[in-house]
1. Determine whether ASP38 is touching a residue at least 60 places away in the same chain (Cβ under 8 Å) and within 32 Å of the chain's Cα centre (by Cα).
2. Looking at ARG47, is it touching a residue at least 40 places away in the same chain (Cβ under 8 Å) and farther than 27 Å from ARG14 by Cβ?
3. Just to verify a result, which residue in segment 76-98, among those that are in a loop (DSSP other than H, G, I, E, B) and not polar (S, T, N, Q), is most open to solvent (accessible area, probe 1.4 Å)?
4. Just one of PHE120, PHE77 is over 23 Å from GLN16 (Cα atoms) and aromatic (Phe, Trp, Tyr); which is it?
5. Let me confirm something: among ALA255, ALA230, which residue is buried (at least 16 other Cβ atoms within 10 Å of the Cβ), part of a loop (DSSP other than H, G, I, E, B), hydrophobic (A, V, I, L, M, F, W, C) and at pLDDT 50 or above?
6. Can you pull out every residue in segment 57-75 that is outside any loop (DSSP other than H, G, I, E, B) and charged (D, E, K, R)?
7. Taking segment 43-56 only, how many residues are open to solvent by less than 70 Å² (accessible area, probe 1.4 Å) and either among the charged types (D, E, K, R) or in a helix (DSSP H, G or I) (or both)?
8. Out of everything in segment 152-181 that is surrounded by fewer than 21 Cβ atoms within 10 Å (Cβ to Cβ) and not in a strand (DSSP E or B), what residue ends up being farthest from the chain's Cα centre (by Cα)?
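The values are calculated or read from the model by the stated rules, or taken from the named source; none is laboratory data. No experiment lies behind these values; they were computed from the predicted model shown. Note that each Cβ is placed from the backbone with ideal geometry, even for glycine, and that neighbours are counted across all protein chains shown. SASA here: full protein model, heavy atoms, side chains in, ligands and nucleic acids out. Shrake-Rupley method; radii C 1.70, N 1.55, O 1.52, S 1.80 Å.
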Amino acid sequence: MENVGKVLMKWVPRLQSYSSYCANQIYAKDLLDAKKRDPAVEDFLQRCLESPFSRRLDLWSFLDVPRSRLVKYPLLFKNIQKHTASTHEDHALIDQALEIVERAIKDVDLGIGVSKCQFFVEKLEFLDDHQKHPLIFESKSIVCDGLLKTGRGTELHVFLFDKILVLTRRSSRGDETVYQVYHRPIPLSLLAVQDMADERTSQKGSFKSVFTQSQPTIRHSFQVLNRKDASLQSYVLQAYNEQDRQHWLQSLSTAIEASSATAEDSSVLAGSSIGPGSSFQYRDEPYSLGNTSSWARSVSSLTSAFVSTEIDETEDPPIP
């Protein structure tokens, strides 16, 4: 076929329609799951699955085809180009088409991230207004999310947004799943992470609120804390395996670094100098670093392992 490059250049701009389709998939999946709770719908979908025309694929597999197909186009274009002479006019046109496809994939990924973030923010349930931190609603993506346990064994669904860490407990409201916010969220600008690496409680009183004599070791655990006030916001979280723990540590580190590198975070301190006795503004709220001793304690809280610190974790808030 001659002039395939021109054909591709006419066709690839239409890939922009994938952005809205793929961004809406998380809502479509939620609706489909809700409909499948109807026995009649579930029975119909099961009979379709068992029919030869379905090729043993469920409905969601067909709905997800456009997204999975989109990411295969760059490989297809490269293979076409591989068999096209470099002197042929199609070679340069395929290059241009490839750039458009790759931009479309980036736009789709961005749209999916924003949509997923918005979807779960809408599912959050707050116990009081203090939990409704503005950064939750300003977030545009979810860096990582999944199930973790507290030192007490309470199962949490943790959301690491691009601007804030939110701990929640999954609950049901009729047929709807909601995520009840567990304590106050921690902005990434104030978040510190401590790799506990199977810490043992050999010292009496260490972490007494989360460790017990019958459980001297919490495996696959790490600690997240508020650098401004670790005594009030410090949580030991346990992953289900070492791979999961490493994934969380990497995601937390990446998110914190990305947050500190943004222009917003670099200009958040309004004071001309930061040190003992100085004051500054953070998000239009004044803060003071106090005297030299309190400044030293603040710096120390960033680097210490908190092994000898007793964490008085408050009682779990009830689920109404």
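1. Considered against the rule, which asks whether it is touching a residue at least 60 places away in the same chain (Cβ under 8 Å) and within 32 Å of the chain's Cα centre (by Cα), ASP38 comes out as no.
2. Considered against the rule, which asks whether it is touching a residue at least 40 places away in the same chain (Cβ under 8 Å) and farther than 27 Å from ARG14 by Cβ, ARG47 comes out as no.
3. The selected residue is HIS83.
4. Exactly one residue qualifies, and that residue is PHE120.
5. ALA230 is the lone residue from the list that is buried (at least 16 other Cβ atoms within 10 Å of the Cβ), part of a loop (DSSP other than H, G, I, E, B), hydrophobic (A, V, I, L, M, F, W, C) and at pLDDT 50 or above.
6. ARG67, ARG69, listed by residue number.
7. Going through segment 43-56 one residue at a time, the tally reaches 4.
8. The qualifying residue farthest from the chain's Cα centre (by Cα) is GLY174.
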